[in-house]
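Trainee: Attaching a single structure in structure tokens format; questions to follow.
Here, each number is a calculation from the coordinates, and none is a lab measurement. Everything numeric in this text was worked out from a predicted model, so none of it was measured. Every residue, glycine as well, gets a Cβ built from its backbone with ideal geometry; the counts of neighbours run over all protein chains shown.
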Amino acid sequence: MEKWINTQKTFYAEKKKRVYYLSLEFLVGRSLGNALINMGLMNEVTEALEQLGHDLEDLREREEDAALGNGGLGRLAACFMDSIATMKIPAYGYGICYDYGIFHQKIIDGYQVESPDSWLRFGSPWMYERTAFVYPVNFYRRVTSCLDENGNYRATWIDTEVVMAMACDMLVPGFNNDHVINMRLWKARASRELDLSHFNVGDYIGSVDDKVRSETLSKVLYPSDEIREGQELRLKQQYFFVAATFCDIMRRYLKHNDDFIDFPNQVAVQLNDTHPAIAIPELMRLLLDDHGLAWEVAWDICVKTFAYTNHTLMPEALETWSVEMISRVLPRHMEIIYEINRRFLEEVAMKFPGSKRKIREMSIIEEDGVRRVRMANLAIIGSHSVNGVAALHTELLKRDLFRNFHEMYPRRINSKTNGITPRRWLLKCNPDLAALIGEEIGFDYITDLDQLRKLEAHADDPAFQKRWQQVKRGNKQKLSALIEQTCAITVDPDSMFDIQVKRIHEYKRQLLNILHVIAFYHRLIGEPDSTEAARTVIFAGKAAPSYKRAKLIIKLITSVADVVNRDPRIKDRLKVVFLPNYNVSLAEKIMPAADLSEQISTAGTEASGTGNMKFSLNGALTVGTLDGANIEILEEVGSENIYIFGMTAEQVEYEKLHKSRTPLDIYNTNPVVHRIIDAIGNGQFSSGDTETFRPLVDDLLSEHDPYLLLLDLESYLTCQETISREFLDKRTWSRKSILNVARMGKFSSDRTIGEYAREIWGVEPGI
Ligand SMILES: *Cc1c(COP(=O)(O)O)cnc(C)c1O
């Protein structure tokens, strides 16, 4: 806390530009081990606890994950906090302190069952309630207007319902640098007016009821990843945290300034996806209505202040809100959005005279059907920087989704390939590997990941390979024990650990993976004496509670597991495991134990991926498509050290249009594929029931399958056979594993944050 106070003081003393990272999600995980490592206290605390008769490992296992996020997007925000603290970037994270994080997943009869994650029921030692920082946030009702003394339109938002936002701070220590930054998460509290509103009518219970209702704003994280949520409560959450955050931003700015001329030189705001994009009309509202600036001046400040990160190309994930809802919940913001749009469309008409299509596509308002506000369009227009999260993703943004905007603002869209923090994803989760590397090349790599290159010199050294294998074997043994404990399945630590862990989504193609498992199963039955490498195929991941197909895919995985694991003909040559409740602390146990990392999304659908980086940094080889950051991993590690299969994004585009082959062609001509599909359809994994998995079989055989599973299946099966062969050659596999780790330098989130700092925020690392 002392270090945190000192850090905040230096921010004020230096009057430097500050960065505000706005995210509706922070998937932090546990903090104890991370804080001890970053502060260099691990040994002291271990010893102190021993003297008290406690084991630090046991204690660490008792900490609840702070799971305030769904998946990659929220985990990226958490990795960024670690890098920002380590690199001494003058930045804050801002978000919501949900009472309930991502749901807890149980598997019952092979199906996902959700229960609430009440992670704060006994409080959290890492959260500090700051009762001095409480701000009112307004909702609903109406806007009045008049002309001021200069004849300018002036609006006031009145008769509003008020919810209070209370600051809760989480301290994030940098690695070994005495620097501690602040993550400020807002909690909703009822306003005093609410307490009194029912007073006169004597409706005591009613007043408590309203109070409870207003506090539901920060109650629960929406559990859908890459699917938009249309509920009013979600929009209110977004505005709630944006409005409270801007109270803080304005308070700090106005301490040292009487006008707004210098605002963009002192404040940078990064929007993590469009979730906080309502911040754009909010800043306009503050500058126009509260501070009386002219529109043009206010707009110039806005664009220079904001930057927007896009995380997905999937149309079903792009946020839109009905005009009706925004008009009702945030009436003044709707007026401002209309005015932003009016002025912007004038610009479009000047730039592209006569193009009705451009006007229709680029408008913030979607006009066909119920009128809706396109948050991505608002975010692009209101930001000076729009970034994709990997090279391919950014190219596809420029070429397809945001083509018109790229034509209009050719310098706005840029690429910032995602990264992961090596503190959590190597040093903390894989201490034995981190120590082995350190013995060989020193420990500077922890804050300068490019130094891992020095390992290349040891890749062929048999003694080093031996120690490398021993570390992996130890990690696999630990994971085996966990699997035994949680799933009652015995697995062989000498088998290949073939792992796919991530949110369950059709585009990520867990189904493709299970098709290979079935093919392998059939092959083992047909060839009882084959010497093919034994495999333990491990899955984990949550499905959005409303996502039927994803839940059915979980049921198929668990059903295949039941059949395969019980089949006496298979012995220990194949085991299938679904580990329940994938979260950050489970990921930390899984990554160090992987031999093979499955990154098999349809090319052009996974924006970046970060799971791919965690695996590789821990010595797993990747089997993957040319998608997201896989492409950049290939460029770094070299084609001989990664297993690439399947269509390119361009080929996917082409096939969708021209359908040169259909899934039925493949089913009818390839007997292996035929057998896999029939096994699912005929009930081999559902006790003869042919209905349960019918929807999946229909999807697979449909020529409209948007994810083209069967079109990639043959190439995937061939690639997996190569992998099976090569895994048996321990020396070559170890060499590849070492080279993967040696060449992961690029994927440190320190590199990513350095690029954001210099190229978007205009700040320098290191105060
Ligand atoms: C890294 C991580 C993710 C993202 O994984 P992808 O494979 O990139 O989708 C999701 N959830 C958790 C818990 C993670 O640690």
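Trainee: Amide H to amide H, which residues 5 or more places from Leu574 or on other chains are under 5 Å from it, using H placed in the peptide plane?
Mentor: Arg535
Trainee: While we're here: May I ask you to order 271-278, 668-675 by the average number of other C-beta atoms within 10 Å around their residues, highest value first?
Mentor: 271-278, 668-675
Trainee: Work out, in µm²/s and without decimals, the Stokes-Einstein translational diffusion coefficient of the stretch 1-75 at 4 °C, 1.567 mPa s, Rh from Kirkwood over C-alpha pairs. Can you show the working numbers first?
Mentor: Details: Rh = 15.2 Å.
For these conditions, the coefficient is 85 µm²/s.
Trainee: Please quote Rg/Rh for the stretch 428-513 to two decimal places, taking the Kirkwood radius as Rh and restricting both calculations to Cα atoms.
Mentor: 1.06
Trainee: Apply the Karplus curve 6.51 cos²θ - 1.76 cosθ + 1.60, θ = phi - 60°, to the phi angles in the stretch 73-83 and return the couplings in whole Hz, x for Gly and Pro.
Mentor: 4, x, 5, 4, 4, 5, 4, 4, 4, 5, 5
Trainee: A further question on this structure: Determine the distance separating the Cα centre of the stretch 496-553 from the Cα centre of the stretch 388-449; give it in Å without decimals.
Mentor: 27
Trainee: What ranking do Thr447, Thr46 get, fewest neighbouring Cβ atoms within 10 angstrom at the top?
Mentor: Exposure proxy ranking, most exposed first: Thr46, Thr447.
Trainee: Let me ask something additional. Name the residues whose placed amide hydrogens come within less than 5 Å of the amide hydrogen of Thr622, ignoring near sequence neighbours (fewer than 5 apart) on the same chain.
Mentor: Here Ser597, Tyr643 satisfy the definition.
Trainee: In the stretch 86-134, which chymotrypsin sites (Phe, Trp or Tyr not before Pro) fall in coil by DSSP and have 14 or fewer other Cβ atoms within 10 Å?
Mentor: Phe122
Trainee: Hey, with R₀ at 41 Å, roughly what FRET efficiency would Ser124 and Ala457 work out to, going by the Cβ-Cβ distance, to 0.05?
Mentor: 0.35
Trainee: Further question: Taking Cα centroids, how far is the stretch 713-741 from the stretch 14-55 in Å?
Mentor: 37
Trainee: Arranged by the count of other C-beta atoms within 10 angstrom, fewest first, what order do Cys719, Cys146, Cys168 take?
Mentor: Ranked by crowding around the Cβ, least crowded first: Cys146, Cys719, Cys168.
Trainee: Once you wrap a convex hull around the alpha carbon atoms of the stretch 381-433, what is its projected area averaged over all directions, in nm²? Write down the numbers at each step before the final one.
Mentor: Details: hull surface 19.6 nm².
Averaged projected area of the stretch 381-433's Cα convex hull equals 4.9 nm².
Trainee: Which one, Gly369, Leu708, Ser749, is farthest towards the positive end of the dipole of the chain when Lys and Arg carry +1 and Asp and Glu -1 on their Cβ?
Mentor: Working it through, the farthest residue towards the positive pole turns out to be Gly369.
Trainee: Tell me the angle of helix 42-51 to the major Cα principal axis of the chain, expressed in degrees between 0 and 90 and rounded to the nearest ten.
Mentor: 80
Trainee: Can you pull the three principal axis extents for the Cα set of the stretch 384-539, in Å, largest first?
Mentor: Each principal axis gives a Cα extent; for the stretch 384-539 these are 62, 46, 31 Å.
Trainee: Set the Förster distance to 22 Å, then compute FRET efficiency between Asn138 and Val297 from the Cβ-Cβ distance, nearest 0.05.
Mentor: It comes to 0.40.
Trainee: What is the order of Lys472, Lys3, fewest Cβ neighbours within 10 Å to most?
Mentor: Listed from fewest to most nearby Cβ atoms, that is Lys3, Lys472.
Trainee: Once both labels are modelled 7 Å past Cα along the beta-carbon direction, what's the Asp203-Ile359 spacing in nm?
Mentor: Going from the Asp203 label point to the Ile359 one covers 4.8 nm.
Trainee: What fraction of the DSSP beta bridges in the chain is antiparallel, stated in percent and rounded to the nearest 5?
Mentor: Of all bridge pairs located within the chain, approximately 45 percent are antiparallel.
Trainee: While we're on this one: What is the magnitude of the charge dipole of the stretch 188-301 about its Cα centre, with +1 placed on the Cβ of each Lys and Arg, -1 on the Cβ of each Asp and Glu, and no other charges, expressed in debye to the nearest 20?
Mentor: Charge dipole, the stretch 188-301, about its Cα centre: 360 debye, nearest 20.
Trainee: If I take every Cα pair under 8 Å that is 6 or more residues apart in the chain, average their sequence separation and divide by the length, what percent do I get for the relative contact order?
Mentor: Relative contact order, the chain: 14 percent.
Trainee: Sequence gap at least 6, Cα distance under 8 Å: using those rules, report the relative contact order of the stretch 637-747 to the nearest whole percent.
Mentor: On the way: 70 pairs, mean separation 39.3, N = 111.
Relative contact order of the stretch 637-747: 35 percent.
Trainee: Give the value in nm², to one decimal: projected area of the alpha carbon convex hull of the stretch 615-687, averaged over all directions.
Mentor: That works out to 7.5 nm², a quarter of the Cα hull's surface.
Trainee: Quick check: the angle from helix 548-566's long axis to the longest principal axis of the chain, C-alpha only, nearest 10 degrees?
Mentor: That works out to roughly 20 degrees.
Trainee: Which Cα, out of Ala533, Ala519, Ala543, lies furthest along the positive dipole direction of the stretch 516-555 (beta carbon charges, K/R +1, D/E -1)?
Mentor: Ala543
Trainee: Provide the per-residue ³J(HN,Hα) series for the stretch 278-288, in order, calculated from phi with Karplus coefficients 6.51, -1.76, 1.60 and θ = phi - 60°, each as a whole number of Hz, with x at glycine and proline positions.
Mentor: Here the 3J(HN,Hα) series is 5, 4, 5, x, 5, 5, 4, 4, 4, 5, 6 Hz.
Trainee: Now for a different question. Take each of the peptides 344-353, 507-516, average the number of other beta-carbon atoms within 10 Å over its residues, and list them starting from the highest.
Mentor: So the peptides 344-353, 507-516, ranked by packing, come out 507-516, 344-353.
Trainee: Let me ask something additional. Along the charge dipole of the chain, which of Ser686, Met250, Ala78 sits closest to the positive end, that is, farthest toward it, with unit charges on the beta carbon of Lys, Arg, Asp and Glu (+1, +1, -1, -1)?
Mentor: Met250
Trainee: In nm, to one decimal, how far is the Thr732 label point from the Asn414 one, both placed 7 Å along Cα→Cβ?
Mentor: So the label points at Thr732 and Asn414 sit 4.3 nm apart.
Trainee: Another question, if that's okay. Quick one: Karplus J couplings for the stretch 707-718, per residue in order, coefficients 6.51, -1.76, 1.60, θ = phi - 60°, nearest Hz, x for Gly and Pro?
Mentor: 9, 6, 5, 5, 5, 9, 5, 4, 5, 5, 5, 4
Trainee: Something else about it: So how do 612-623, 24-35 stack up, highest first, on mean other-Cβ count within 10 Å?
Mentor: Highest to lowest by the protection proxy: 612-623, 24-35.
Trainee: Follow-up. What shape does the stretch 158-285 take by its C-alpha gyration tensor, where a ≥ b ≥ c are the square roots of the eigenvalues and a/c under 1.5 counts as rounded, a/b above b/c as prolate, and the rest as oblate?
Mentor: prolate
Trainee: For the stretch 228-352, just the Cα set please: Rg and Dmax, both in angstrom.
Mentor: Calculated on Cα positions, Rg and Dmax stand at 15.1, 44 Å.
Trainee: Specify the angular offset, from 0 to 90 degrees and rounded to the nearest 10, of the alpha carbon long axis of helix 671-681 from the longest principal axis of the alpha carbons in the chain.
Mentor: 60
Trainee: Now for a different question. If you wrap the chain's Cα atoms in a convex hull and average its projection over all directions, what's the area in nm²?
Mentor: Quarter of the Cα hull surface area: 36.2 nm².
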